[in-house]
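One structure below.
The values are calculated or read from the model by the stated rules, or taken from the named source; none is laboratory data. This one's a predicted model, so the numbers in the text were calculated from it and none came from an experiment. As a convention, Cβ positions derive from the backbone with ideal geometry for all residues, glycine included, and neighbour counts pool all protein chains shown. To get the accessible areas, we keep the full protein, side chains included, count just its heavy atoms, and leave off ligands, DNA and RNA. Shrake-Rupley method; radii C 1.70, N 1.55, O 1.52, S 1.80 Å.
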Amino acid sequence: MRLDVLDLIAYGPFTGTRLEFGHPFTIAYGPNEAGKTSTLRALEDGLFGIAPQTPESFVHAYPNLRIGMTLSSNSGGLSFIRRKANKQPLRAADDSTVVDDSLLERALHGITRDTFTNMFGISHAALVRGGRALAEGQGEIGQLLFASAAGLSGLQATLARLEADAAELFTPRASSKVIHQCLRELQENGLELKRSQVAIARFQENQKALQQAVRDLAARDEKIEDLRRESERLGRIREALPTISLLRQTQLEFAGLVAAVVLPEDYGSRLEAGESRLQVARQAEAGLQDELAHIAEAIARFYVPADVLAADEAIGALFEEKSSIQKSKKDCDRRVAELAELKRGLLEQAQRLQPGMALAEAAQLEPGLLARNRIQELAPQVPRLEANLEAFDRSLDDARRKLAESEATIASLPAIPETGGLGALVNRARRELDVARVRELRSKIASGEKTLQLALRGLSLWHGSDEDLEALPVPEVEAVEEYRAALQDAGAAEAKAREKLAEASQDQVLKQAERERIVGLDAVPTLATLADARELRDLGWTAIKRVWKNAAKDEPAERDFLARTGQTDLAVSYEVAVRDADQVADHIREEGDRVNRLMILDSEITRLALRCEEAKYGLAEARENLDAVLERWRSAWADCGMVPESPSAMLTWLRRRGAIVEQGSRLREMRYELKAMDEAETALATELAVLFGPFGAVPPGGATDLLTAAEAVLSAAAEAAEERRTVLALRQAQTAEISRIETKVAEARERVSAWRREWAAALEDAGLESTASPVAAEAYLNSVRDIIAGLNKAKELAERISKMQADAETFTAGVAKLVARLSPPLGGLEPEAAIVQLHRTLLEANENNKLLQRENKRQRETQVKLNQAAQTASRCVAYLDALYREAAAPDSQAAHEAWAISTRRRDLERRMGEYNARLRLVSAGKTIEEFLAEAASVDADSIAGCLEEIERQAAFIKQERAEVETKRRALDAEALAMRGGDQAATAAQRASGIAGRLAGEVEQYVRLKTASFVLRKAVERYRDRNQGPVLEAAAILFAQLTCGSFAALRVESQEGSSRLVGVRPTGQIVPLAGMSDGTLDQLYLALRIASVEHYFSVHEPAPFIVDDVLLNFDDTRASAALAALNALSAKTQVIFFTHHRRLVELAASYTQATVCEL
Amino acid sequence: MAFRFVHAADIHLDSPLLSLDEYPGAPLEEIRLATRKALGKLVDFSIESEAAFVVIAGDLFDGEWRDCNTGLYFISEMRRLRDAGIMAYIALGNHDAANRMILGLPWPDHIHFFDHKRPERIPLPGCDAALFSQSFRRQHVEEDLTSTWPVGDTGTFNVGVLHTSASGAAGHELYAPCSLDSLRSRHYQYWALGHIHTRTELAREPWVVYPGNIQGRSVRECGPRGCYLVDVDDTGGVSLEFEPLDVVRWQVLPIPLDERAAPCDLEVLAQGAIERAVAEAEGRTLAVRIRLEGHGPAWNRAAGDPLDLKSRIRMLAQEAAVPVHIEKLELVSRAPSQTDESDAGPMAELRSLIHELGQDGGLMVELQAQFADLKSKLQAAAPAGQEWVDPQDPEVLRNALASVEPLLEGGRE
């Protein structure tokens, strides 16, 4: 495929720009800002579609973008216009007929945008990066070839990046990598999960013990409650005794005051308040009378002129106007002078255009709007029209010269031989003959057989052939995985059961040891010991009561009691039993903690013994299960006649067996393939020998040598045909171009003549001479416009002066009228001074008026207050008289005495009420009388002794209760973890999350390592297949590009890998690390060109785009590079973009390149 | 007499929601204890809808789960049903069979577990209905037991409760299999089934229904999850209403990509997909897997640095109107087949190699060997019972092969 024309119809900065690529080697030249980048992008977008967010829409909107292309290839030509659209983006030249996308796809032969950009394009930046990457890669040949052909400039860096990223996630020996951390988190979370789980057996034990503790507590609480009730009853009576005494005394005093007058509780405060208010009212009356006298004196002192106050608005308005009138008078004088000056200047300007003209006539000079606009429109057109004409003339001369050159070239071309039959056979041979594949197959078969034999010898448990191994009825991997899981589970269950038994046994031993230690310290009495002692004491008391009440002797109870105490006397024996019981109780109280611990230990030891039994049973069950799984595992391999190792080992065995079977199968396939290829090669050699006859002697050797010779003949014929076709196409295009330019020249001449006719007519309309130039006409029009503007300004000034004078006269008349009416003595002053005086008088009158008003108001208010004070005093006297009557008292003193007696009587009543209330608080619901009777029945002196005894009994029971309570709390604390808590569920959720993260990290690690693996393998393969031809071509190019500074390239083995080095003409070896930056750039370019050349030796051609890669080359090396690109253009089209004129000149000197200017 | 009841199954209380990792901004508190919250909603719904009774068709708990707090929590929720006068009838499933909590906890009287020794008939006089069921004590039941169950009574609404892999239901462990014909032969009016986690209506004559589980627990259990409210009218006519109970809703959001999608479009496409899912989630927390399917520059960007893209999408998801957890960014390659360009050249070599690896030949074995260390480490260090990704699994490796070219993009000119 070749690009003949690129039409930048509407794209980036271009509108209707056309680039024609005549010669296979084209230089596209454009200075900075000419649109080189846009052109490069248009090349890609034209072939592969305009990008959705293209930056090339700054002139033409997205829907209007258009790129036209004309392509040609061996199968024909294709022209289209590319639009920016998702559907049917290709159109024909009319921009509407749809062109089938598949036509372009066929022309591209599967080349994608990526391939086109990276394989068929090279920029300066890529060249520099490629050169640096060569040095960094230290010349490893596989990587060099692969990277330079693929456009992967940083292959070494890419591999390093992949490996480093993977190593961040996992390395076998490190422990700080991401995957290791995930696994640690999983393990820690697993422990947390185990800790937070509560087994069902533990829950059941706890519930049982808790219920027992609750029952024990309830029994003790009942006893404590009985004692508390009796203690409270006695306590209440003891507390009430002082209150009962006070009640009796108060009742006695109250009896003496029963007949006194009872006054209301607020009587005393009302009496004092009434007397106080009367005194205040009388003092206020005297103060207000004094204030009224002072106000009357002040009013008499003020004077206010009424006529001045009435003229308030007129005086104020004129006073405000005074400043503006003064300013206006000054401004008026300035404006008069300015008007005179303006009129003089205008007159001079008018007389310059028409001498002797009066100012009043100047307005008639204006030529009219239409005539003015026409002159202004035509004046700037003429320079552009003349320049266009000149440019077209030059283009025509140039095109005629190029056509003459093409005619000469055609005449000198040689004749073309007929190669149709040979060409078809060579194409077939290229498709069918794959020498590299034959070589590869032989090598692979040899190495594969060795590998297979080694693998067979290394496979344990097996001594037969690979085919027998393949036929072996082995279990499926999934089944083995299941066995492995089952064995792991059974093994884990057995270990867990063993661990559980050991744990329970150890706990039991520890608890037993602790118990023995506590018991061994000192004899510790238990509650059972106490119960025994009390039972013995009660037995003795029963015996004594019988002896005492029934006077009977030698009763069985007595004998039993004496036998158990070891005494002979009943009284002594009872005394001993009572003392022993008390001592045991005292001892328990003293040793409370130890006793409590002993009880808990006994309970735990019993529980642990049960757990041991349970664990032993579990262990036996787990072992039985493990044996059963092992037996099933062995029987699964019985059909293979093998005794299997562990499932994990057998999984590895199965994988290795699978690899061997796979390898054997591949070997068989390769042998068949090799045989078929050998037969095909022999048949082809025979056919080629027959067809090669007419072109010379048949070369000795096989099909490969014959094919090479035939290709050389075909290549020479194709080159000759291509050259003739190119030159003919060029001549046709040049003829068309000359015709197009001639038309343009005629059009340009006609446009200049038309302009001249229109200009003469416009000047005549404006009243100017028809020969006047555009500059003279413009100067005349500007002067007339200035005069008309000046006349308008003078008119405005005269109107303003007249208005200012009228305002000053109105002000003077107004002031004179006011002075005559209000203050004739001011008549002699200027109007501005007189109005200032009048305004001052007005301000004083206003101030006095305000003060007078305020004093009048104060006088009225004070009089109202005086009247109110007199009324208040009268009301107070009446109120006090009523109070005296209420107390049946004639005067104030008697009233105060009656109030004191009433207060005492009320106090006694209140106290009796309080005493009764206090007694009700302690009477526990009984009436006061019932409670007084109950208190009277109790001997006050014996209360303290009874309370002490109750307290002693309660303390003992509470001690017992505290022990049970401690136990219950411990059980409660344990039960707290068994109330549906979510700790374990939360830990399980967290574990699932960590596992999810681990999966993501593992997948990412697999991606990175796989990419690295595939890339290394691809590099190796590419090297094996392409090393010879590409390096051979690259070595020649390198010598050419370095102008003989280097003679060749060579591959040397170093540290197990093949490395590229340069060879000087002297034979000196230069490693890549020893080459300069410029030389590395040239080496990279040589490799790229050689790779592309190699590619096109077996593929349809496609344009190779070179973007200013010669920036850092001196002229000699740049010339060499241009020559190399020119040579490449024999195989495929080369388009070289540059913005350096010097490179265009060099190309013109050393190649036959076409130059397109942007 | 008309009545209504609630049919639920497969509660799997306290089993975790899979693979929801912690990351900054992740809605962990909303996700925590999701199955408990869903159970709470089941109880609320039963009380609000004044159901006569609740039927749970198996798998209350996960088989291996040992924490009795889970059972105690279940009991505390069931007490709320008791306070509302609602009985709960439970048939044990394959997971429950292995769980010791069923025997060891103090179950209150209003919870009835069906007998495992023989089929049981429970009359419900207030509703003029009867329940038929049988629990299973073994983890693996391979025979159809319904043939021994009593035939339904005439004039009574008969409900069969069964934990089973009924014919036609796939994707779950085979358990107590049965056919529609064998179920019909019992002449019950409603079969309340459990075991299959996806809501399924197998038949309407009679009704044979799986309500699915009440809370999705992994990306394989997407969409609404809940229970059925079954209304029975005076004539024995049945109408069903599905009530979603899930508190965290799983969704897979596929985003198709081709050559036209630009790399910078990915975030916008993902955000759009998330917003659409949010709009359908009725205010629930979402657990979301973004699946990028296709090829082209945008797909390549995602495959080139999936972790970075995932982190960006997770940040965008925080702006959604409901809490959203991005579980995973899944890459599915659907590249168009290569044409004749790929027969030479380095990139063609690379593609040919990738194609060859995908065929599982000797090269695949060589590639698998690269991950032997990692697999050993995972085998040794992962806690027992914890699943992990096998780095030598050919499927995992084939997925990784699709990312090779995008990962090399960094070295392109």
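Could you list all residues from region A:186-200 that are in contact (Cβ under 8 Å) with a residue 60 or more places away in the chain and within 10 Å of chain B (Cβ to nearest Cβ)?
Those that are in contact (Cβ under 8 Å) with a residue 60 or more places away in the chain and within 10 Å of chain B (Cβ to nearest Cβ): A:186, A:189, A:190, A:193, A:196, A:197, A:198.
Can you find a residue in region A:111-133 that is more than 13 Å from every other protein chain (Cβ to nearest Cβ) and crowded, with 21+ Cβ neighbours inside 10 Å?
No, every residue in region A:111-133 fails to be more than 13 Å from every other protein chain (Cβ to nearest Cβ) and crowded, with 21+ Cβ neighbours inside 10 Å.
To keep it simple, each residue is scored yes or no on (1) out of contact with any strand residue (DSSP E or B) (no Cβ under 6 Å at 6 or more places or on another chain); (2) not in a loop (DSSP other than H, G, I, E, B); (3) not aromatic (Phe, Trp, Tyr).
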position: A:1088; (1), (2), (3): no, yes, yes
position: A:1111; (1), (2), (3): yes, no, yes
position: A:1126; (1), (2), (3): no, yes, yes
position: A:1130; (1), (2), (3): yes, no, yes
position: A:1148; (1), (2), (3): yes, yes, yes
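For residues that are buried (at least 16 other Cβ atoms within 10 Å of the Cβ), within 29 Å of residue B:224 (Cβ to Cβ) and among the charged types (D, E, K, R), tally how many sit in region B:281-311.
Result for region B:281-311: 4.
Given B:278, B:252, which one is open to solvent by 10 Å² or more (accessible area, probe 1.4 Å), part of a strand (DSSP E or B) and either more than 21 Å from residue B:334 (Cα to Cα) or not aromatic (Phe, Trp, Tyr) (or both)?
One residue alone meets the criteria, B:252.
Do the conditions hold for residue B:373, that is, is it open to solvent by 50 Å² or more (accessible area, probe 1.4 Å) and at the interface with another protein chain (Cβ under 7 Å from one of its Cβ atoms)?
So residue B:373 fits the description; yes.
Within region A:264-320, take every residue that is charged (D, E, K, R) and closer than 30 Å to residue A:830 by Cα and give me the one that is farthest from the chain's Cα centre (by Cα).
A:307
How many residues are buried (at least 22 other Cβ atoms within 10 Å of the Cβ) and under 25 Å from the mean Cα position of the chain (by Cα) if we restrict to region B:44-73?
Number of matching residues: 16.
Residue A:1015 passes all but one of (1) more than 14 Å from chain B (Cβ to nearest Cβ); (2) in a helix (DSSP H, G or I); (3) closer than 25 Å to residue A:439 by Cβ; (4) of a type in the set (A, V, I, L, M); which number fails?
Every condition holds for residue A:1015 apart from (1).
Would you please list the contacts, defined by Cβ atoms under 8 Å and residues six or more apart or on different chains, that run from a residue in region B:1-21 that is touching a residue at least 60 places away in the same chain (Cβ under 8 Å) and over 30 Å from residue B:238 (Cβ atoms) to a residue that is part of a loop (DSSP other than H, G, I, E, B) and among the aliphatic types (A, V, I, L, M)?
So the pair list comes out as B:18/B:219; B:19/B:219; B:20/B:26.
Yes or no: residue A:855 open to solvent by 100 Å² or more (accessible area, probe 1.4 Å) and at pLDDT below 85?
So residue A:855 does not fit the description; no.
Out of the residues in region A:888-909 that are part of a helix (DSSP H, G or I) and among the hydrophobic types (A, V, I, L, M, F, W, C), state the one that is most open to solvent (accessible area, probe 1.4 Å).
Restricting to residues being part of a helix (DSSP H, G or I) and among the hydrophobic types (A, V, I, L, M, F, W, C), the top hit is A:901.
Which one is most open to solvent (accessible area, probe 1.4 Å) among residues in region A:967-980 that are within 11 Å of chain B (Cβ to nearest Cβ) and in contact (Cβ under 8 Å) with a residue 12 or more places away in the chain?
A:977
Any idea which residue in region A:74-104 is surrounded by the most Cβ atoms within 10 Å (Cβ to Cβ), counting only those that are of a type in the set (S, T, N, Q) and either without any contact (Cβ under 8 Å) to a residue 24 or more places away in the chain or away from every other protein chain (no Cβ under 14 Å) (or both)?
Ranking the qualifying residues of region A:74-104, first place goes to A:79.
Can you tell me which residues in region A:266-297 are touching a Ser or Thr at 6+ places or on another chain (Cβ under 9 Å) and within 16 Å of residue A:883 (Cβ to Cβ)?
Selection gives A:267, A:268, A:271, A:275, A:277, A:278.
Any chance region A:587-604 includes a residue that's under 58 Å from the mean Cα position of the chain (by Cα) and either touching a residue at least 24 places away in the same chain (Cβ under 8 Å) or surrounded by 12 or more Cβ atoms within 10 Å (Cβ to Cβ) (or both)?
Yes, the conditions are met somewhere in region A:587-604.
For region A:281-310, what are the residues that are open to solvent by less than 50 Å² (accessible area, probe 1.4 Å), of a type in the set (A, V, I, L, M) and over 10 Å from residue A:855 (Cβ atoms)?
Residues satisfying the conditions are A:281, A:284, A:288, A:292, A:304, A:308, A:309.
Kindly provide the set of residues from region A:910-968 that are among the hydroxyl-bearing types (Ser, Thr, Tyr) and assigned to a helix (DSSP H, G or I), ordered by number.
Listed by number, the residues that qualify are A:915, A:937, A:942, A:966.
Please go through region A:175-199 and pick out each residue that is open to solvent by less than 30 Å² (accessible area, probe 1.4 Å) and among the hydrophobic types (A, V, I, L, M, F, W, C).
If the condition is that a residue be open to solvent by less than 30 Å² (accessible area, probe 1.4 Å) and among the hydrophobic types (A, V, I, L, M, F, W, C), then A:179, A:182, A:183, A:186, A:198 are the ones that fit.
So which of A:879, A:884 ends up being of a type outside the set (A, V, I, L, M, F, W, C) and in contact with a Gly (Cβ under 6 Å, 6 or more places away or on another chain)?
Answer to the selection: A:879.
From (1) without any contact (Cβ under 8 Å) to a residue 12 or more places away in the chain; (2) of a type in the set (A, V, I, L, M, F, W, C); (3) open to solvent by less than 80 Å² (accessible area, probe 1.4 Å); (4) out of contact with any His (no Cβ under 8 Å at 6 or more places or on another chain), pick out the condition that doesn't hold for residue A:260.
(1)
Pick out the one residue from B:302, B:287, B:298 that is modelled with pLDDT of 95 or more and outside any loop (DSSP other than H, G, I, E, B).
Going through B:302, B:287, B:298 in turn, just one is modelled with pLDDT of 95 or more and outside any loop (DSSP other than H, G, I, E, B): B:287.
Given the condition farther than 30 Å from residue A:503 by Cβ and within 14 Å of another protein chain (Cβ to nearest Cβ), answer yes or no: does some residue in region A:677-696 qualify?
no
Among the candidates A:1069, A:1089, A:1105, single out the residue that is open to solvent by 40 Å² or more (accessible area, probe 1.4 Å), modelled with pLDDT of 85 or more and either basic (Lys, Arg) or out of contact with any Cys (no Cβ under 6 Å at 6 or more places or on another chain) (or both).
Only one candidate passes the filter, namely A:1069.
Considering every residue within region A:840-847, establish whether at least one is open to solvent by 50 Å² or more (accessible area, probe 1.4 Å) and in a loop (DSSP other than H, G, I, E, B).
no
Would you point out which residue out of A:363, A:371, A:350, A:379 is at pLDDT below 85, open to solvent by 40 Å² or more (accessible area, probe 1.4 Å), on the phi < 0 side of the Ramachandran plot and of a type in the set (Gly, Ala, Ser)?
Just one listed residue meets the conditions, A:363.
Collect the residues in region A:16-36 that are among the polar types (S, T, N, Q) and either in contact with an Asp or Glu (Cβ under 9 Å, 6 or more places away or on another chain) or at pLDDT 90 or above (or both), keeping them in residue-number order.
A:17, A:26, listed by residue number.
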